[in-house]
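The values are calculated or read from the model by the stated rules, or taken from the named source; none is laboratory data. Not measured: the values here are computed from a predicted model. Neighbour counts are summed over all protein chains in view; Cβ atoms, including those assigned to glycine, are modelled from backbone coordinates with ideal geometry. What goes into the accessible areas is simple: the full protein's heavy atoms, side chains included, and nothing from ligands, DNA or RNA. Shrake-Rupley method; radii C 1.70, N 1.55, O 1.52, S 1.80 Å.
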Amino acid sequence: MAVDAVVAKSTLPVNSSKTIHVTVNGVARASTVDARTLLVSYLREHLTLTGTHIGCDTGHCGACTVLVDGKAVKSCMMLAVQTDGCEVRTVEGLEMAGKLHPVQEGFTKEHGLQCGYCTPGMMMTSVALLAKNPNPTEDEIRRGISGNLCRCTGYVNIVKAVQYAAKQMAAAPPGGP
Amino acid sequence: MYPPSFEYYAPTTVEEAIGLLQQHEGEAKILAGGQSLVAMMKLRLVQPAALIDINRIPNLSYIREDDKFLRIGATARTNDLADSELIRRRYPILADAGGEIADPIVRNRGTVGGNVSHGDPGNDLPACMMALGAEYEVRGAKGARTVPARQFYQDTFVTALGPAEMLTEIRVPKPGPGTGNAYSKMERKVGDFATAAVAVQVVVNPTGAIQTAGIGLTNVGATAIYAAAASEFLKGKSGTDADLAKTAELARDASQPGVDNRGSVDFKKDMVRVWTRRTLRRALDRAKGGK
Amino acid sequence: MATPELGGIGKSVQRKEDARFIRGKGNYVDDVQLPGMLFLDLARSPYPHAKILAIRKEKTLATPGVLAVITGKDLEAAKLSWMPTLMSDTQMVLPTDTVMFHGQEVAGVVATDRYAAADGVAALEVDYEPLPAVIDPFKALAPGAPVIRTDKKDKKDNHIWHWEVGDKAATESALQGSDVVVREKLYIPRIHVSSIETCGCVAQVDAMGKLTVWMTTQAPHAIRTVFALVSGLPEQKIRIISPDIGGGFGGKVPVYPGYVIAVVAALTTGHPVKWVEDRTGNLISDSFARDYHIEAEIGASKDGHVTALRVKTLADHGYTDAAANPSKFPAGLFHIITGSYPFKAAFVEVDAAYTNKPPGGIAYRCSFRVTEAAFAIERLMDNLARQLHLDPAEFRLKNFIPPEAFPFPSVLGWTYDSGNYAGALRKAMEIIHYADLRKEQAEKRKRGELMGIGISSFTEIVGAGPSKTFDILGIKMFDSAEIRIHPTGKVLARFGTKSQGQAHETTYAQILAEELGIPVDYISVEEGDTDTAPYGLGTYASRSTPTAGAAAAIACRKIREKAAKIAAHLLEVSPDDIEWKDYKFQVKGVPGKSKTMADVAFAAYTNHPQGMEAGLEAVDYYDPPNMTFPFGSYIAVVDVDKETGQVHTRRFVAVDDCGTIINPMIVDGQIHGGLTMGFAPAMLEEIPYDADGNNRASSFLEYLLPTAVETPKWETAKTTTPSPHHPLGAKGVGESATVGAPAAFVNAVLDALEPYGISNIDIPLTPYKVWQAIHAKDPK
């Protein structure tokens, strides 16, 4: 099998690149990125933190949710250059010293995930939600996670997972940024 | 789906930002929350030569009240509205809308300034600002000017904002006694633009008569719509069911919706009617001290 | 170290796969990064039907980072511009002269990174001459309609196939003899699975000419065979790896052009090539389901017993039939449409039409048209009950196939394995307090408030399938398990299926634990790598537990047979004196004398009887004797805002019966997800096309996946009626809720609208449609 496609000479893209200083999961990074590099591409491709996923490209699904300075944001709707000087936390930064974050524990104990693809974004949203509202009602949880789509679970067990984490955190608040 | 290349600037003063806008002669775009702009760039619906990121301009994200106005800085986040005690207590319409825009994650980035200046008829805050009689501070090379919200919107994505101007502040007149306001959004699901949404502010005098009313409509026309005849009609009325029904019909007649997946023109017009009536009732209840 | 819990059948064991997913360490296709990897992006047609006059590559090739542009003409030279579908039809990889639908792939652009590839796509210039598009399948079949598949010699119309089953004359006369007959036209629109992970692959060719493709596929083995047949590459030089899959729901069964173009690009450039489609590409070209125009009628005697059913259906397949149905059943298992009732006569006919749309009728958490069938019968049962002035629950209870009638031969040719339909409905009625709800409804009606209660008592058909009737492109629909027990009593098990979130690593391990007496923690399950896993048809249509799950049990039993001999050798008794009891080999009548499977495993490599082969392993290719027939009864309670048409689901109770349950927690999770994918098309999702043929839902702004706010709070319960023919008594469960739920919602809304006398609203029941229906009856 062979295909006679036209193969052009490789030329590098023109960059309007910037150097940024970002603390990602507690690690200080200095990186040069193209201005148009999305935060999600920076995390996934430059830093190989592939736990943050891309699901919809238009800011609807929330699979790419990470925390920037503690706030949940959709990393495919933000440029990497915009995080210069910021603290970014991804799913890879939830487990501390071999101990799972209560939200991670809740998701597995309550069967809050199936295919696992929306899970990192869903967990990051949950972490931010509980930081703002440590004892949410079911309705507040459902509204709080409404920027994240899950196609597998029907959300019932995600709600339970967040409730589980809320309980654990009330008993012993987790460390971390 | 990835955006095309552009030059990126992160000015630290408004003057610097305006200078960059001038320098790029209409080819640059202001990047505030980016929740619409970045998506449009990824879809390659817009391809600005430069982005001017105003998020690093200090003191531009305030929400505060002085003796005349509620002042909202351009980069205040839409979630800040719903989270603000001041807003919840004194401007519940903005807390209503602040809890309905897009979804909670988008609201962490999306800005009040972006929402009101983008010119998308689906954005929720323009109708609120029309109802509230708000004005926008717009700054350009020649200094600052103010534009009333009711005169700001010209066509879809076309506003009174000049190519080298930037919206810097939203000013909402402070509510006097007897003021009640509310926003109702009918949406197919969280994250959707409104099928129809209605913003209402009423001021009721001590005798129970409606002194002034402002009614704004979202996503039922080329721009947000100020329902002037409906607002005018309510003046001096006591707010009976019949008053509200008539006002709702006038608001319906002011709407000019198009057909899309959300429904037909007739349906959307009828929804303007229904939600105007319901939202008026909520606003009147609030004017009387209700939630 | 203490021995871990066994974790056998019936235990809610924590999922093994979660350990990586909750840490962000899943390994999805887009996570595969290889040195020198290039990126493929696709240019797509803005027209639903057009001649390609020219594709000008210059600007794209001049775009920084772009290395190659691949067009249909390039592929044609290698005889790769067309490929077969799983239904023995043909589809384009890339068009050489005509595009057939809005969004069709027109060219591939290969670049050094994704951004550059996207730039190259934006720069590509294609000249089109628009052609009239045929969008409505009825018009497509009308005389004089433009012929879409002009590539097919002698094709003079847009008719694909006609299929029918049942006794036409007997049905006609039974309907004529019925006291009451209801008819309804039901359109089930085009919908899209929209797994949160889109489709993609990484193709790599090594120095030995071996092609490895990491691919979002639910059926890696079948894909390898198809690739071998299409490309001419020897099959042992093709390796398909299906890593973690971010949701499938049937959308990752077909072969999409992007996969093939990526392979071609890898062969052409000598570099690994990654293709990951964006959401718009996914929503305008991949794997649509339904698009079924059903005209159904059922009859009953005046005392309320069903008599006969007749259905005429038109299936809109888009420009090619690329479904994944068994080859004998082009309309899938649609003839399960007699449902939970003992119809004495039935006749079903289906015609399929080509239109200028992407391939349709494929899958949405149900690939074999079972949802269409269950929806139609459960909708008509409600209409018939109304016609007879009977309560819909009472009417169903009067008509259900009784438990003692199983195995039940349906009039359209199935043999239902087991069921207790009344048991499930009664349980649902108790949980939801059905009688109280009816009282509340009566009071509300007096006040003009609209409240509705809807029932759906569906019968599913899953586990394809017996090789005598089931094959895809000739490959029989068995599935497989290969089990090896290591000397220390630890297990590696491999399967021909592929989990996409169903937790096979856990569920299969539980079957093995139960059958071998080895704790789940000591069992590793692997799937998805065609170089290591045994051949199987993959995971879709709720077939994994009925087929591969059965293979697991049988393979374990084969191991136990040999192990018993080794145990006898170790215990120095005759094999006849050994019995498998309490997860151990025991000397009959001497409970103290026993050996565990771990003891036996060690001996199998260190001290096996002379003359016996060493090792302890088995393979089973399981050919099920019959399908399994899960069932359930769902009840929805809704409130309708009569001014706005908005529907609020107040409660939804789902009672499911999937036979023996292996992991109750996981089964409940499957039901929750299935219900949500039943709710979504009933209330929100649709891929609409405008009259010109443009897709009007090309992003998640318009394709409305439900969030946690819209999704009802599901209440679930079970009854258990084991399958008599499955070695574990299990049936499939993944799709039951998607099959059963939609009718419950529609029945509930129509019940709420009863005062207006509305017999149907087509799904999705958007506020607009409900408002329209009410306004047509009450225009004020």
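With both labels modelled 7 Å from their Cα along Cα-to-Cβ, the B:Ala222 to A:Lys167 distance reads 5.8 nm. At R0 = 35 Å, how high is the FRET efficiency between C:Val590 and C:Lys490 if r is their beta carbon distance? Nearest 0.05 is fine. Efficiency, from the Cβ-Cβ distance: 0.80.
Comparing chain B with the 2.2 N^0.38 Å rule of thumb, its C-alpha radius of gyration ratio is 0.99 (two decimals). Coordinate range of the alpha-carbon atoms in segment C:719-780 per principal axis, descending: 61, 19, 13 Å. Remark: the protein assembly as shown projects, on average over all directions, an area of 50.1 nm² (convex hull of Cα atoms).
Based on C-alpha pairs under 8 angstrom that are at least 6 apart in sequence, segment A:102-171 has a relative contact order of 56 percent.
Assuming a ≥ b ≥ c are the square roots of the Cα gyration tensor eigenvalues, decide whether segment B:68-131 counts as rounded (a/c under 1.5), prolate (otherwise, with a/b larger than b/c) or oblate.
On the way: a/c = 1.44, a/b = 1.17, b/c = 1.23.
Because its axes are fairly even, with a/c under 1.5, segment B:68-131 counts as rounded.
Could you tell me what fraction of 2.2 N^0.38 Å the Cα radius of gyration of segment B:206-286 comes to, as a two-decimal ratio? After normalising by residue count via 2.2 N^0.38 Å, the value is 1.10.
With all pairs of different alpha carbon atoms counted, what Kirkwood hydrodynamic radius in Å does chain C show? Display every interim value, and only then the final one.
Numbers: mean 1/r = 0.0362 Å⁻¹.
Result for chain C, one decimal place: 27.6 Å.
When the helices of the protein assembly as shown are scored as -39500 (n - 2.57) per DSSP H run of n ≥ 4 and the total is divided over every residue, the value at 222 nm lands at -8500 deg cm²/dmol.
What ranking of C:Asp582, B:Asp80, B:Asp53 comes out by heavy-atom accessible area, probe 1.4 Å, highest first? Don't jump to the answer; show the numbers that get you there.
On the way: C:Asp582 110, B:Asp80 40, B:Asp53 0 Å².
Descending accessible area places them as C:Asp582, B:Asp80, B:Asp53.
Could you please state, rounded to a whole Å, how far the C-alpha centre of segment A:116-144 is from the C-alpha centre of segment C:653-708? Centre-to-centre (Cα) distance: 22 Å. Across segment C:425-434, computed HN-Hα scalar couplings (Karplus, 6.51 cos²θ - 1.76 cosθ + 1.60, θ = phi - 60°) run 5, 4, 5, 4, 5, 5, 4, 8, 6, 4 Hz from first to last residue, x flagging Gly and Pro. Remark on segment C:192-274: hydrodynamic radius 12.8 angstrom, per the Kirkwood mean of 1/r across alpha carbon pairs. Taking both sides together, what accessible area is buried at the A/C interface, probe 1.4 Å, expressed in Å² and rounded to the nearest 100? Roughly 5600 Å².
For segment C:675-780, the equivalent ellipsoid derived from the Cα gyration tensor has semi-axes of 32, 20, 13 Å, listed largest first. Between B:Leu43 and C:Asp582, the distance separating the two model label sites (each 7 Å from Cα on the Cα→Cβ line) works out to 6.7 nm.
Need one word for segment C:133-175: rounded, prolate or oblate. Basis is the Cα gyration tensor (sqrt eigenvalues a ≥ b ≥ c); a/c below 1.5 gives rounded, then a/b vs b/c decides.
On the way: a/c = 4.01, a/b = 2.36, b/c = 1.70.
It comes out prolate by the Cα gyration axes.
Restricting the trypsin sites (Lys or Arg not before Pro) of segment C:434-528 to loop positions (DSSP other than H, G, I, E, B) with no more than 10 neighbouring Cβ atoms within 10 Å leaves C:Arg447, C:Lys468.
When the accessible area of the protein assembly as shown is computed with all protein chains present and a 1.4 Å probe, what percentage of it is carbon and sulfur?
It is 52 percent, rounded to a whole number.
Please state the shape class of chain A: rounded when a/c is under 1.5, otherwise prolate if a/b exceeds b/c and oblate if not, all from the C-alpha gyration tensor. Prolate, because a/c is 1.5 or more and a/b exceeds b/c.
Stokes-Einstein, applied to the Kirkwood radius of segment C:85-204 over Cα pairs at a viscosity of 1.002 mPa s and 20 °C, places its translational diffusion at 108 µm² s⁻¹. Between the Cα long axis of helix B:241-254 and the first principal axis of chain B there is an angle of about 30°, rounded to the nearest 10.
Starting from segment B:195-254, pick out the trypsin sites (Lys or Arg not before Pro) whose DSSP state is loop and whose Cβ has at most 13 other Cβ atoms within 10 Å. Show your work: numbers first, answer last.
Numbers: sites: B:Lys235, B:Lys237, B:Lys246, B:Arg252; in loops: B:Lys235, B:Lys237.
Answer by residue number: B:Lys235.
For the protein assembly as shown, the dipole from Cβ point charges (+1 on Lys and Arg, -1 on Asp and Glu) about the Cα centre works out to 1820 debye, to the nearest 20.
For segment B:21-157, would you read off the P(r) tail past 24 Å as a percentage of all alpha carbon pairs? Show your work: numbers first, answer last.
Values: 2614 of 9316 pairs.
Above the 24 Å cut-off, segment B:21-157 has 28 percent of its Cα pairs.
For segment A:17-93, the C-alpha radius of gyration sits at 0.96 times the compact-globule guess of 2.2 N^0.38 Å, with N the residue count. What Kirkwood Rh does segment B:90-224 have if only Cα atoms enter the pairwise 1/r average? Answer in Å. 15.3 Å is the Kirkwood radius here.
List the relative contact order of chain C as a percent without decimals, with contacts defined as Cα pairs under 8 Å and 6+ residues apart. Intermediate values should be presented prior to the final figure.
On the way: 1984 pairs, mean separation 122.7, N = 780.
With pairs under 8 Å counted, the relative contact order is 16 percent.
Rounded to the nearest 20 debye, the dipole size of chain C about its Cα centre is 460 debye, using +1 on the Cβ of Lys and Arg and -1 on the Cβ of Asp and Glu. Label positions at C:Glu125 and C:Glu613, each projected 7 Å from the Cα along the C-beta direction, are separated by 6.6 nm.
Two decimals is fine: what's Rg over Rh for segment A:102-171, C-alpha atoms, Kirkwood radius as Rh?
On the way: Rg = 10.4 Å, Rh = 11.5 Å.
Value, to two decimals: 0.91.
For segment C:291-326, trypsin sites (Lys or Arg not before Pro) are listed when DSSP marks them as loop and at most 15 other Cβ atoms sit within 10 Å of their Cβ; the list is C:Lys302.
Solvent-accessible surface of protein heavy atoms, probed at 1.4 angstrom with all chains present, puts C:Thr719, C:Thr676 in the order C:Thr719, C:Thr676, largest first. Cβ-Cβ distance of B:Ala242 and C:Gln387, R₀ of 51 Å, FRET efficiency by 1/(1 + (r/R0)^6): the value works out to about 0.75.
For the charge dipole of the protein assembly as shown, defined by +1 on Lys and Arg C-beta atoms and -1 on Asp and Glu C-beta atoms about the Cα centroid, which residue among B:Tyr153, B:Ala199, C:Phe470 has the Cα displaced farthest towards the positive pole? In the protein assembly as shown, that residue is B:Ala199.
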